[in-house]
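Data block below; observations after.
The values are calculated or read from the model by the stated rules, or taken from the named source; none is laboratory data. Bear in mind that the values here come from a model prediction, so they are computed numbers and not experimental data. Using ideal geometry, Cβ is built from the backbone for each residue, glycine included, and neighbour counts are taken over all protein chains shown. Quick note on the areas: whole protein, heavy atoms, side chains included, nothing else; ligands and nucleic acids left out. Shrake-Rupley method; radii C 1.70, N 1.55, O 1.52, S 1.80 Å.
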Amino acid sequence: MIDGVIRTRVGYAGGRQDNPDYGHMGDHTETVQVDYDPQRISYNGLLDIFWQSHKPTGRSWSRQYMNAVFYHDDHQRQLAMASKAAVEKKIGQRIKTEVAPLRTFTMAEDYHQKYILKQHGDLKNEMSRIYPLHRDFVNSTAVTRLNGYASGHGNPDQLAREIDTLGLTDAGKKALTD
C-alpha cells in the first residue's frame, strides 16, 4: 500500500461520451482515480509509482485499456510530461503511455469497485458491517487500504503499523495476515 493514498475508485475517464458504462464506454478508458494526501506523498511520487507499475513502452491495444496518466490542470500536465521524458531518457526507449486531460471521471458500476477485497468474503463482510451503504464502503479509506493489502500490495511492516486502525475484528486481522 502506498502511504498517503486515501482512497481509490475505478471508473471511466478521458472521453467525451456522457454517462459511460462498461457496456457503452465510447471513447473513455478504464482507469483508477486516486485521492491522496499531498502532505504524505507528492504528485511526483505517485507518478514514480505509476511508471514502475506498468510497461510504458507497450502499445495500448484499445482505447478501453489505454495506458494513460490523466491530469487535472496545467501544473499536473507539466509534471507528468517531465516525468515521462525522464523515464524515456532513463530507459532509452519511446514511452507510449499517453498524458491526457481528465475532462470527466465516471465511477464504474458497483461490482467493479473494490473487486479484490470482495473476493475475500470474511474481510468484505467485516467492512460491510462498518460501511453498510455501498457508497460508504467504496469511499472508505480503510476499505481502500484493505483492498490493496488483499491485492498483495504493501509490506508486513506497513500492515503491522496500521492493522489496528482498519476496524477489523481479531478474526479479520488473522484472515488478513495469514
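Close amide H contacts of E98 (hydrogens built in the peptide plane, cut-off under 5 Å, sequence separation of 5 or more or a different chain): N67, A68, V69. The angle between the Cα long axis of helix 121-130 and the longest principal axis of the Cα atoms of the chain comes to about 80 degrees, rounded to the nearest 10. Axis of helix 74-91 versus longest Cα principal axis of the chain: the two differ by about 80°, to the nearest ten degrees. Per the Debye calculation on segment 125-172 with a single equal scatterer at every Cα and no solvent contribution, log₁₀ I(q)/I(0) for q = 0.14, 0.27 Å⁻¹ amounts to -0.33, -1.09. For segment 57-65, backbone phi angles converted through the Karplus equation (6.51, -1.76, 1.60; θ = phi - 60°) give residue-by-residue couplings of 8, x, 6, 6, 7, 7, 4, 4, 10 Hz, Gly and Pro being listed as x. The packing ranking, built from the mean of other Cβ atoms within 10 Å per residue, places the peptides 3-11, 89-97 in the order 3-11, 89-97, highest first. Volume per residue for the chain equals 131 cubic angstrom (convex hull of Cα atoms). If you run the Gaussian network model on the chain, springs between alpha carbon atoms under 10 Å, then out of N139, N44, N155 the most flexible one is N155.
Computed over the chain with a Gaussian network model linking Cα atoms closer than 10 Å, the most mobile of R145, R135, R63 is R135. A 1.4 Å probe run over the protein chains yields, for segment 1-134, 61 Å² of accessible area per residue, whole-number rounding. Taking max minus min of the alpha-carbon positions on each principal axis, segment 1-79 gives extents of 37, 28, 27 Å, largest first. Taking a quarter of the surface of the Cα convex hull of segment 96-178 gives a mean projected area of 7.2 nm².
Sequence gap of 8 or more, or different chains, plus Cα separation below 29 Å: how many lysine pairs satisfy both in the chain? Total qualifying Lys-Lys pairs in the chain comes to 16.
Extent of segment 34-74 along its three principal axes (Cα atoms, max minus min coordinate, largest first): 36, 21, 17 Å.
Within the listed set F105, F50, F70, the Gaussian network model of the chain (springs between alpha-carbon atoms below 10 Å) gives the highest mean-square fluctuation for F50.
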